[in-house]
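One structure below.
The values are calculated or read from the model by the stated rules, or taken from the named source; none is laboratory data. Fair warning: this is a prediction, and the values are worked out from it, not measured in the lab. Heads up, the Cβs are rebuilt from the backbone with ideal geometry, glycines too, and the neighbour counts pull from every protein chain shown.
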Amino acid sequence: MCITDTQSINSSKPEYWEKFYQSGDTGWDIGKPTPVFKNWIKTQKNKLSICILGAGNGWDALHFAELGHRVTAVDFAESAVLNMNITAAKRRLKLNIIHGDIFDLDKLFTNTFDIVLEYTCFCAIDPDRRDDYIRLVNHILNPSGKFVGLLFPTDENLDSDGPPFGVDIDTTLNLFSNYFTVIKKEIPSNSIERRKGREIFVILKKNGN
Ligand SMILES: C[S@@+](CC[C@H](N)C(=O)[O-])C[C@H]1O[C@@H](n2cnc3c(N)ncnc32)[C@H](O)[C@@H]1O
């Protein structure tokens, strides 16, 4: 991901991201399902309801839908949503694509999803909103739901200019610990080349009510 020239537009606004989609400067987009998530979803015996936050062009969302899972993909950039809709239509896939702000999802969903999936959305939002993000994830997951995420970039400092804003793993898991218990935390061997050693795969279980 390389985002440098947009200080005039705040990255909390959809316009900031829309500009990159329109110019094709989407360095974060790997153009295919994420290998780590492809392996993980293969291990799932049941069909799951999965919500993907800041889904972008939706490669993971589309892949999970192809496998028969019930997918909700959310993004506030118009072009990302358009791209997802076009690809879904081409592949005749059904998924719930929401054009909106993830921070409004609590108005639509409560205790709903088996899984909330995260990849490069947490590092894209304003770090001051990380508590809000975690509260939101807790709110929309069902009582036995799980947060499945690749936390990136773990090698960058929060003080450095973002997005992406650095993700210190201990600090982040400490924030999640108000609502979640860690059931997996590992450095994946199949990260894409440019992110090797710079991301951590986590599965966190929502604490029971
Ligand atoms: C770095 S991109 C990652 C996209 C996708 N997860 C991927 O890996 O290709 C961050 C995405 O989050 C979206 N985003 C950022 N803040 C958001 C918010 N508050 N609500 C909805 N989408 C948001 C942006 O529009 C952008 O598509």
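A few comments on the model shown:
- From 163, 153, residue being in contact with a Pro (Cβ under 6 Å, 6 or more places away or on another chain), within 14 Å of the ligand (Cβ to nearest atom) and either assigned to a helix (DSSP H, G or I) or not hydrophobic (A, V, I, L, M, F, W, C) (or both): 153
- In the range 13-49, the residue that is surrounded by the most Cβ atoms within 10 Å (Cβ to Cβ) out of those that are in a loop (DSSP other than H, G, I, E, B) and of a type in the set (Val, Ile, Thr) is 34.
- Restricting attention to the range 166-183, the residues that are more than 22 Å from residue 139 (Cβ to Cβ) and in contact (Cβ under 8 Å) with a residue 12 or more places away in the chain add up to 3.
- Whenever a residue of the range 70-83 is modelled with pLDDT under 95, it has no partner that is hydrophobic (A, V, I, L, M, F, W, C) and near the ligand (Cβ under 9 Å from one of its atoms) lying with C-beta atoms less than 8 angstrom away and at least six residues away or across chains.
- Selection over the range 64-78 of residues that are within 10 Å of the ligand (Cβ to nearest atom), over 15 Å from the mean Cα position of the chain (by Cα) and under 20 Å from residue 136 (Cβ atoms) gives a count of 0.
- Criterion (of a type in the set (S, T, N, Q) and exposed (fewer than 15 other Cβ atoms within 10 Å of the Cβ)) met by exactly one of 138, 142, 157: 157
Condition check ((1) away from the ligand (no atom under 12 Å from the Cβ); (2) hydroxyl-bearing (Ser, Thr, Tyr)) across all residues:
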| site | (1), (2) |
| --- | --- |
| 28 | no, no |
| 39 | yes, no |
| 49 | yes, yes |
| 80 | no, no |
| 90 | yes, no |
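- Looking at 38, 42, 90, just one residue is among the basic types (Lys, Arg) and in contact with a helix residue (DSSP H, G or I) (Cβ under 8 Å, 6 or more places away or on another chain), and that residue is 38.
- Being of a type in the set (Asp, Glu), within 15 Å of the ligand (Cβ to nearest atom), within 21 Å of residue 147 (Cβ to Cβ) and in contact (Cβ under 8 Å) with a residue 40 or more places away in the chain holds for only one residue in 60, 114, and it is 60.
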